[in-house]
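Student: The following block contains the structure, expressed as structure tokens.
The values are calculated or read from the model by the stated rules, or taken from the named source; none is laboratory data. The model shown is predicted, which means the values in this text are computed figures rather than measured ones. Note: ideal-geometry Cβ built from the backbone for every residue, glycine included; neighbour counts use all protein chains shown. SASA here: full protein model, heavy atoms, side chains in, ligands and nucleic acids out. Shrake-Rupley method; radii C 1.70, N 1.55, O 1.52, S 1.80 Å.
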Amino acid sequence: MKAVVWQGKRDVQVAEVPDPVVQEPTDAVIRITSTGLCGSDLHLYEVLTPLMTPGDILGHEPMGVVEEVGSEVTHLKPGDRVVVPFQIACGSCFMCDQGLQTQCETTQVREHGVGAPLYGYTKLYGAVPGAQAEYLRVPQAQYGPVKVPDGPHDDRFLFLSDVLPTAWQAVEYADVPKGGTVTVIGLGPIGDMACRIALHRGARQVIGIDLVPERLARARARGAEVLDLTEHDDIGAAVREMTHGRGTDAVIDAVGMEAHGNPAGKAAQTVGGMLPGKLAEKVMTKAGVDRLSAFQAAIDIVRRGGTISLSGLYGGAADPLPMLTLFDKQIQLRMGQANVKRWVPDILPLLTDEDVLGVDDFATHHLPLVQAPEAYEMFQKKADGAVKVVMRP
Ligand SMILES: NC(=O)c1ccc[n+]([C@@H]2O[C@H](COP(=O)([O-])OP(=O)(O)OC[C@H]3O[C@@H](n4cnc5c(N)ncnc54)[C@H](O)[C@@H]3O)[C@@H](O)[C@H]2O)c1
Ligand SMILES: [Zn+2]
Ligand SMILES: [Zn+2]
């Protein structure tokens, strides 16, 4: 089959690789019909290169049709239309029982001391072959895949794999009071969707921050107030001015480790990306390689006693953090990969013809899978108005 493979920094290619097969009774194989490109893939494209191996199949936002199931997969049969969560969880352990599927105790990658494995996401997360491919082997398929109705086009359901539950959890963890206020830093797919969900769930004021004009315009068109980072020297002051001098009740960081505006972090990431193998891996996961400007802004913007919800991905050991300010402002802090299946029952009823979250035209670009190299480059450069790119094998 054809698959998108990582070959090196800013180098992805479409290659011919062996078709996946059912290996365990709990496996399924699906034929991919749509597969998303995510901001998390961009980290692999550029700064997390030490954690990648040439030939790794990328991608973690799949939907498609079941081809084959193992003997223990009883809720699916060939021909079923499914969306697959980006993490692999068992659905029946202590953690899964609490809706913490990203911490699944059956599948945790213990070798590296991290949580559940992720499709197409570095050796740290299990080196599982990813979903930007014609076919995908789905482990723990007795639990993971979500059956969706036939009929509506793929984009109606595709974002259940990642964008929707991630944005939903970001809003949930932000704990915005009824009629309260929230700032969303970063208006890529995750931040954009978090704005929509916050408004849908009754936030009175949603302030979105980014520096890409099309992204600001998209969020504004759906009811967020927006601030262009490039027009404000003091973004915290700008938000306070809009909120009676207090800051917002909550802040969602939907940027993560590659935030603009931190030259030191950028240098550390570049160095990490240049070192050989094991050493670079250490620098990546143990040294201060995260660019913290979005998180620092969140600490400044949130009102005293408010909540910060991090959904942007961080991967190093950040130091120093303004502990005095965090403590003094009495800030609540929540974060993590989204526990996809925990939120599916909340989200699925919204994916109807009314399309309250605007998923039907959420993607800005649909490209054939063979154009993955162009898709990555366009998405990274935010060229051609690209916000969400969906590829089709
Ligand atoms: N927690 C999860 O489960 C989960 C799931 C998916 C994605 N993510 C992470 O969420 C983040 C966003 O993903 P995405 O797909 O929306 O990616 P993206 O790269 O398209 O979006 C990031 C946005 O942040 C903006 N930005 C950069 N620096 C900024 C700054 N200092 N202030 C304000 N805006 C800034 C960029 O212009 C861009 O629009 C990534 O870090 C991704 O890895 C986490
Ligand atoms: Zn993703
Ligand atoms: Zn589990």
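Student: So what's the Cα pair-distance distribution over segment 18-92, bin width 10 Å, in %?
Tutor: Bins of 10 Å from zero give 16, 43, 30, 11, 0 percent of pairs.
Student: As a test of reading the structure, rank Asp192, Asp19, Asp355 by solvent-accessible area (1.4 Å probe, protein chains only), most first. Write out the running numbers ahead of the final one.
Tutor: Details: Asp192 5, Asp19 90, Asp355 25 Å².
The most accessible residue leads, giving Asp19, Asp355, Asp192.
Student: Only bridges with both residues in the chain count here: give the DSSP antiparallel percent, nearest 5.
Tutor: Details: 29 of 57 bridges.
If I count the DSSP bridges inside the chain, around 50 percent turn out antiparallel.
Student: Run lengths n ≥ 4 of DSSP H only: what is the helix-derived mean residue ellipticity at 222 nm for the chain, with -39500 (n - 2.57) per run over all residues, to the nearest 500?
Tutor: Values: 13 runs with 111 residues, N = 393.
Dividing the helical sum by the residues of the chain leaves -8000 deg cm²/dmol.
Student: Filter the trypsin sites (Lys or Arg not before Pro) in segment 69-133 to those in DSSP coil with at most 16 other Cβ atoms within 10 Å of their Cβ, and list the result. Don't jump to the answer; show the numbers that get you there.
Tutor: Numbers: sites: Arg81, Arg110, Lys123; in loops: Lys123.
Sites meeting the loop and neighbour criteria: Lys123.
Student: Hey, if you drop one equal point scatterer on each alpha-carbon of segment 154-204 and run the Debye formula without solvent, what base-10 log of I(q)/I(0) do you get at q = 0.12, 0.23, 0.26, 0.27 Å⁻¹?
Tutor: Per q value, in the given order, log10 I(q)/I(0) is -0.24, -0.79, -0.96, -1.02.
Student: Counting other Cβ atoms within 10 Å, keep those with at most 14, restrict to DSSP loop, and tell me which GluC sites (Glu not before Pro) in segment 302-391 are left.
Tutor: Details: sites: Glu354, Glu374, Glu377; in loops: Glu354.
Sparse-neighbourhood loop GluC sites (Glu not before Pro): Glu354.
Student: Below 15 angstrom from the Cβ of Thr307, what's the summed charge of the other residues (Lys, Arg +1; Asp, Glu -1)?
Tutor: Working: positive: Lys178, Arg201, Arg246, Arg303, Arg304, Lys329, Arg334; negative: Glu172, Asp175, Asp249, Asp253, Asp300.
Around Thr307, the charge tally is +2.
Student: Take every Cα pair under 8 Å in the chain that's 6+ residues apart, average their separations, divide by the length, and report that relative contact order as a whole percent. Working shown, then result.
Tutor: Numbers: 952 pairs, mean separation 71.0, N = 393.
For the chain, the relative contact order is 18 percent.
Student: Over the Cα atoms of segment 65-131, each weighted equally, I'd like the Debye log10 I(q)/I(0) at q = 0.12, 0.15, 0.21 Å⁻¹, rounded to two decimals.
Tutor: Debye output, listed in q order: -0.36, -0.55, -0.95.
Student: Packing-wise, with mean Cβ within 10 Å as the measure, how do 54-62, 252-260 rank, highest first? If you can, show how the numbers build up before the last one.
Tutor: Values: 54-62: 23.1, 252-260: 25.2.
Final packing ranking: 252-260, 54-62.
Student: Using the heavy atoms of the protein chains and a 1.4 angstrom probe, tell me the accessible area per residue for the chain in square angstrom.
Tutor: On the way: 15920 Å² over 393 residues.
It amounts to 41 Å² per residue over the chain.
Student: I'd like the per residue volume of the convex hull spanned by the Cα atoms of the chain, given in cubic angstrom.
Tutor: On the way: hull volume 50.8 nm³, N = 393.
In the chain, the Cα convex hull volume per residue is 129 Å³.
Student: At 1.4 Å probe size, with the rest of the protein present, what percent of the exposed accessible area of segment 295-363 is carbon and sulfur atoms?
Tutor: After summing per-atom areas, the C and S share lands at 52 percent.
Student: Counting Lys and Arg as +1 and Asp and Glu as -1, what is the net charge of the other residues whose Cβ lies under 14 Å from the Cβ of Phe86? Walk me through the numbers on the way to the answer.
Tutor: Values: positive: Lys341, Arg342; negative: Asp41, Glu61, Asp162.
Here the charged neighbours net out to -1.
Student: Which net charge results for the neighbourhood of Glu72, defined as the other residues with beta-carbon distances under 14 angstrom from its beta-carbon, given Lys and Arg at +1 and Asp and Glu at -1?
Tutor: Numbers: positive: Lys77; negative: Glu24, Asp27, Glu68.
Net of charged neighbours comes to -2.
Student: For segment 203-253, what is Rg from Cα atoms divided by 2.2 N^0.38 Å, rounded to two decimals?
Tutor: Here the answer is 1.09, to two decimals.
Student: Working from Cα positions, state the angle (0 to 90°, nearest 10) between the long axis of helix 372-381 and the longest principal axis of the chain.
Tutor: The answer is roughly 10 degrees.
Student: Cα convex hull of segment 162-244: mean projected area in nm², to one decimal? Display every interim value, and only then the final one.
Tutor: Values: hull surface 20.2 nm².
One quarter of the hull surface, i.e. the mean projection, equals 5.1 nm².
Student: On a 0 to 90° scale, report how tilted helix 277-286 is relative to the longest principal axis of the chain, with both axes built from alpha carbons and the result rounded to the nearest 10.
Tutor: Relative to the chain, helix 277-286 is tipped by roughly 40 degrees.
Student: Tell me the Kirkwood radius of segment 114-201: reciprocal of the mean inverse pair distance over distinct alpha-carbon atoms, in Å.
Tutor: Values: mean 1/r = 0.0649 Å⁻¹.
In segment 114-201 this quantity evaluates to 15.4 Å.
Student: For each pair in Lys123/Lys382; Lys341/Lys381; Lys9/Lys382; Lys2/Lys388, compute the distance between the two Cα atoms and list the pairs where it is over 24 Å. Walk me through the numbers before you get to the answer.
Tutor: Working: Lys123/Lys382 27 Å; Lys341/Lys381 32 Å; Lys9/Lys382 18 Å; Lys2/Lys388 22 Å.
Among Lys123/Lys382; Lys341/Lys381; Lys9/Lys382; Lys2/Lys388, the Cα-Cα distance tops 24 Å for Lys123/Lys382; Lys341/Lys381.
Student: Can you tell me the dipole magnitude for the chain around its Cα centre, using point charges on the Cβ only (Lys, Arg +1; Asp, Glu -1), in Debye to the nearest 20?
Tutor: On the way: 36 positive and 49 negative charges, 153 e Å.
The calculated dipole for the chain is roughly 740 debye.
Student: Report, in cubic angstrom per residue, the convex hull volume of the C-alpha atoms of segment 1-59. Intermediate results must be reported in sequence, preceding the final value.
Tutor: Values: hull volume 6.2 nm³, N = 59.
Taking the convex hull of the Cα positions in segment 1-59, it is 105 Å³ per residue.
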